[in-house]
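Comments concern the structure below.
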Amino acid sequence: MQRVRSIFLSDVHLGTPACQAGALLEFLKAYDSEFLFLVGDIVDFWAIRRRGVYWSTDQNTVVQKILKRARHEVSVVFVPGNHDEAVREHIGTSFGNIRVERDYLHVAADGRRYLLIHGDEFDQVTKYHRWLAILGDHAYDLVVRVNRWLSWARRTLKVPGYWSLSGYAKLKVKKAVSFIFDFEDSVLRHAKERGVDGVICGHIHSAVIRDAGGILYINCGDWVDSCTAIVEHESGSMELVRWGGAEEKVVRLPLAAPVATLDESRQALAGALDRSVVLKHQGGGGRGAG
Ligand SMILES: [Mn+2]
């Protein structure tokens, strides 16, 4: 077992079949820490309310392991997210030695001050247009299908020129890409206002450690798709751990490694989406931005 100073986890979504509790247990077996931070959406009360509770033995064990750590000298802080917002009513209290906080300031071993937030308050979609997030996924598939029918109709009716509905949709998808960057931008703006050296959040299920002009933007990712966690070493350096199961083990991304600039990642992501849109348009497989 590797001893680190802190472990940061978010978006575990316990209570859903999508939660990768088995992988998380393996990770917890491999890493031990002085601090454990739960950065929101640990239990998915939304899904439980909608579909009923799904609770596996592994999920039970995850909860037991966390409570056990809290009982034994590990300082555990829980910052609730939007899926476990019910716990926000208990901010300032503790249960089973776990402190519940609205947000939290963590001072790393190197003296850097990190603001811990889940991040949903910076997501304009979940904040103002929850229906849009759900609708978007289905709407895009429909648009591509309607476009195919439209161009067939135009050909048949011999309408000159070409107008692409999915080209129009692509523009909209690019807006979805900019959603991620809008999220990161507003989180960073808030961190700057708070005068911290970095921010550690979750919510968008996209793990990264990035130096954003002097402020570190760190996202824990999730235990639904990517199985990622952030660990702080005894030196205070932060590392993104991707838990890939037995064969892949751990991919390390030390802070010293070159990190992509915002523009580079923006372009890479837009390029990838262009390709997936083309694939979809040609009737190929694979999902787009979702
Ligand atoms: Mn969330």
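Bear in mind these aren't lab numbers, they're just calculated from the coordinates by the rules spelled out. Model, not experiment: these values are computed from the prediction. Here the Cβ is made from the backbone with ideal geometry for all residues, glycine too, and neighbour counts use every protein chain on show.
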Checklist line | Distance between segment 55-123 and segment 208-238 - C-alpha centres, whole angstrom | finding: 16 Å
Note to self: Using 0.36 nm times the number of residues separating residue 60 and residue 146, minus their current alpha carbon distance, what extension gain do you get?
What the structure shows: 26.4 nm
Notebook entry, point to check: Between rounded, prolate and oblate, where does segment 18-90 land on the alpha carbon gyration tensor, with a ≥ b ≥ c its root eigenvalues, rounded for a/c under 1.5, else prolate if a/b exceeds b/c?
Noted result: oblate
Next item on the list: Using a 10 Å cut-off on Cβ atoms, rank the peptides 75-81, 65-71 from the highest mean neighbour count down.
Entry: 75-81, 65-71
Next item on the list: Hey, can you grab everything whose amide H is under 5 Å from the amide H of residue 36? Only 5+ residues off in sequence or another chain; H modelled, so Pro and N-termini drop out.
Entry: 7, 75, 76, 77
Next item on the list: Please give the contour-minus-distance gain from residue 197 to residue 53: 0.36 nm per residue of separation, less the Cα-Cα distance, rounded to one decimal in nm.
Entry: 47.9 nm
Next item on the list: Just check segment 173-242 against the gyration tensor rule for me: Cα atoms, a ≥ b ≥ c as the square roots of the eigenvalues, rounded for a/c under 1.5, and otherwise prolate or oblate depending on whether a/b exceeds b/c.
Entry: oblate
